[in-house]
Amino acid sequence: MQSLPNEFWWALGLGTVVLIGVTVGIIFTIVLGQRRSFQQKLLQAQELAERDRKYRNLFENSLAGMIRFDLATGEVLDANTAMMRIFRSAARDQFNRALRANRNAEWDRLWDLLVTRGRIENYEFSIRAADGQSVWLSISLATFPSEGVAEGVMVDITEKRAAAEQIREQAELLDKTADAIFVLDLTAHVQYWNKAAEQQFGWPSHEVHRRHVTDYLFPSTLSNDFQKAIGMVRERGEWRGELEISPRYKSAIIAECRFTLVRDEHGHPRAILCLASDITEKKRLETQMLRAQRMESIGTLAGGIAHDLNNILAPIVVSIDILKRTVVDTLGKKTLTAIESSARRGADMVKQVLTFARGIQGERVSMRVEHVIGEVVRLIEETFPRSIEVHNEVPRKLWPIVGDATQIHQVFMNLCVNARDAMENGGVLTLRAQNAVVSEEFARGQLGVAPGPYVHFQVSDTGSGIPETIREKVFEPFFTTKEVGKGTGLGLSTTLGIVKSHGGFLTLDTALGRGTTFHIYFPADVADEERSKETSVEALREGNDELILIVDDESALRDVASSTLETYRYRTITAEDGARALEVFHDRRDEIRVVITDMMMPRVGGAELIREIRRLEPQARIVIMTGMRIPDDIQIDDIKSVDGVLQKPFTTEDLVRTVQEVLLAPKA
């Protein structure tokens with residue numbers, strides 16, 4: 001056998017060594033890797049243990065109640081100490097009993113919601129704790145399907161709910177007060193606005209919130225007084241006084257205001273609390289009372305003067321008659337005539353003064369005033385300038401009144417003469433009359449007026465009108481705007497005295513450049529039911545069960561109008577304001593045949609109501625009722641016109657006939 005060369009053995013030995021080295025290296029690498037893997041697993045186990053320790057520490061020490069449920073059964077797997085405190089539980093078994101006791105329909109709904117959505121957040125509901133007390137919780141839970149659990153937190157919000165309820169109750173009390181209460185920030189932007197503010201000012205809370213208050217209540221003409229008041233609040237901490245406020249749907253009102261600066265816990269100014277009470281009616285009645293007192297004082301003084309003047313004029317008049325028999329020359333007779341004319345004019349003035357001062361009465365009998373007005377119209381047609389056109393629109397069948405025909409004649413003559421003087425360049429003088437029943441609500445707005453049946457007269461002219469600045473003075477004795485020698489200033493004061501002595505009252509409707517209307521109310525002499533039937537109401541036709549919607553914020557007026565229409569076989573439905581009326585109209589617009597609405601109402605006013613009804617039903621038949629002229633800011637054309645107008649106070653005939661005419665009128 002041939003021996004192998006040495007190189008072979010050297011190569012074989014070297015390969016063996018390399019093979020052994022590689023094997024050892026592989027073994028070493030495997031061992032080292034296993035060691036590192038073990039170290040990593042050990043480290044991970046330590047980290048998991050640390051995280052679990054921290055989680056348990058957080059879980060147990062959390063101020064919020066933390067809890068874990070079995071997702072399949074809903075049983076509690078774990079709960080922390082705070083959760084135990086919430087349930088007023090001293091031991092875990094006591095806690096579990098309390099939790100099981102709350103498994104009711106509310107809990108089932110909560111659990112179904114959790115399973116369906118996978119999570120719930122800030123779900124609030126009430127439970128009964130282990131001690132029987134009711135506890136409100138806010139719950140946030142999430143499900144972990146892979147682990148078969150649901151876990152989350154529960155927070156005790158019982159005190160928070162109680163505080164919120166207290167705030168809500170306080171807010172309700174603020175809403176029930178009759179005073180308007182609103183809160184402004186330091187820049188006069190609205191932060192709070194109660195229900196009374198909505199009703200008095202016509203602006204709902206959501207429209208004024210965070211808006212500047214001068215945009216709504218204090219336009220440029222009124223803002224100076226408001227800014228001064230705010231300045232005083234910032235300087236002194238409070239302000240009290242009267243401000244003129246411009247509401248949304250009615251003319252300006254006078255409000256008694258109390259502004260107080262509200263500070264935070266550090267004493268820094270934070271807001272301005274504003275209280276406002278509508279004293280417009282109170283101020284108006286005070287003005288009437290002061291005027292009545294002033295008139296009474298002047299009347300007493302004038303009565304004494306008139307009495308002395310009569311004593312002076314009586315011998316003069318008697319002496320003139322004696323002298324006329326002895327004086328024969330022309331100059332003497334002319335002089336006596338001038339003296340007699342002046343004396344008789346003075347006597348007439350004294351008679352007017354006495355009538356004003358003491359209400360001198362002649363014989364008072366039951367009479368029909370339309371006959372007296374007929375005489376007045378015939379007289380003024382003969383004596384007034386031809387440039388004045390006289391319209392007699394007084395019907396024949398008016399209720400009788402009890403009065404002195406001479407004094408009633410003087411009332412209408414004085415008013416017609418006053419109208420003539422207001423129409424220097426000519427115009428139209430109109431006399432109207434109607435039977436009317438003055439309601440209690442209307443009577444409350446007039447000093448010393450009793451509700452009941454009246455005969456309502458109107459004397460209207462198209463003259464210059466009376467400026468607002470002197471409107472309250474025109475009934476004062478000796479006040480006149482005429483030139484010296486052309487007026488005594490006793491005409492209107494005497495008229496007022498006669499009307500009041502007959503138990504009536506007088507109002508004035510005027511505007512500069514738009515003419516004047518005097519409204520005279522004399523109590524009607526309606527003795528019994530039969531006499532009232534003499535009016536034309538009996539001729540009114542009955543309805544056919546048509547449904548009429550009546551909208552007014554005065555409940556007495558709604559009830560009277562409803563009862564009246566139902567007497568004439570109409571069906572009625574009422575609403576206290578425009579917002580409620582819109583709900584009713586939306587539900588029953590196919591049935592409602594006529595809408596009768598007031599114009600000045602809280603929340604939603606008449607104009608806004610009409611516009612919305614026209615939008616819903618363009619062919620709706622609408623009648624407005626108002627106790628004054630339609631305000632300038634409400635343009636009838638803008639609301640596509642209306643079908644009729646009822647002037648308050650209206651009669652039964654006015655109401656029923658207007659509804660009949662509107663129902664019979666064709667619609668385009």
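The values are calculated or read from the model by the stated rules, or taken from the named source; none is laboratory data. Note that the coordinates shown come from a computational prediction; the quantities given were computed from them, not determined experimentally. Backbone-built Cβ (ideal geometry, glycine too); neighbour counts: all protein chains shown. The area values use the complete protein model at the heavy-atom level, side chains included, leaving out ligands, DNA and RNA. Shrake-Rupley method; radii C 1.70, N 1.55, O 1.52, S 1.80 Å.
When a/c reaches 1.5 or more, the comparison of a/b and b/c decides; with that in mind, is the stretch 371-476 rounded, prolate or oblate per its Cα gyration tensor?
Verdict is oblate for the stretch 371-476.
Highest mean first, how do 189-199, 11-21 rank when packing is the count of other Cβ atoms within 10 Å averaged over residues?
By packing density, highest mean first, the sequence is 189-199, 11-21.
Label HIS371 and ARG569 with points 7 Å out from Cα along Cα→Cβ: what is the distance between them in nm?
3.8 nm
Could you work out how much longer the chain between LEU664 and ASP70 gets when fully extended? Use 0.36 nm per residue separation minus the Cα distance between them, nm to one decimal.
Stretched fully, the LEU664-ASP70 segment lengthens by 206.3 nm.
Between HIS206 and LEU14, what is the label-point separation in nm under the 7 Å Cα-to-beta-carbon projection?
9.7 nm
Would you mind computing, in nm to one decimal, how far apart the modelled labels at LEU285 and ASN224 are, each placed 7 Å from Cα along Cα→Cβ?
Result: 3.3 nm between the two label points.
Would you grab the residues whose amide H sits under 5 Å from the one on TYR192? Only those 5+ places off in sequence or on another chain, please, with H modelled 1.01 Å from N.
HN-HN under 5 Å from TYR192: VAL183.
Say the cut-off is 32 Å between C-alpha atoms; which of LYS397/LYS500; LYS195/LYS228; LYS283/LYS397; LYS160/LYS195 go over it?
Cα-Cα > 32 Å for LYS283/LYS397; rest within.
At a Förster radius of 35 Å, what calculated FRET efficiency corresponds to the Cβ-Cβ distance of ALA579 and THR177, to the nearest 0.05?
Computed FRET efficiency for ALA579 and THR177 comes out at 0.95.
Using a Förster radius of 35 Å, what is the FRET efficiency between HIS266 and SER62 based on their Cβ-Cβ separation? Nearest 0.05, please.
Rounded to the nearest 0.05, the efficiency is 0.60.
For an R0 of 25 angstrom, estimate the FRET efficiency from the Cβ-Cβ distance between ASN104 and TRP136 and round to the nearest 0.05.
Taking R0 as 25 Å, the efficiency between ASN104 and TRP136 is 0.95.
So how exposed is ARG103, as accessible area in Å² (1.4 Å probe, rounded to 10)?
Counting only protein heavy atoms, the figure is 80 Å².
Considering Cα pairs under 8 angstrom that are at least six residues apart, work out the relative contact order of the stretch 400-453 and quote it in whole percent. Could the numbers behind the result be given before it?
Details: 20 pairs, mean separation 12.1, N = 54.
About 22 percent, as a whole number.
Placing +1 at every Lys and Arg Cβ and -1 at every Asp and Glu Cβ, with all other atoms neutral, what dipole size does the stretch 360-409 have around its Cα centre, in debye to the nearest 20?
Its charge dipole is roughly 180 debye.
For GLU159 and GLU121 in the same chain, what is the full-extension length gain: residue separation times 0.36 nm, less their Cα-Cα distance, in nm?
This chain segment gains 11.7 nm when fully extended.
Provide the solvent-accessible area of SER439, counting protein heavy atoms only and rolling a 1.4 Å probe, rounded to the nearest 10 Å².
Estimated to the nearest 10 Å², SER439 gives 50 Å².
On a full-extension model of 0.36 nm per residue, what is the gain between VAL22 and THR330, subtracting their alpha-carbon distance, rounded to one decimal in nm?
Difference between extended and current length: 93.7 nm.
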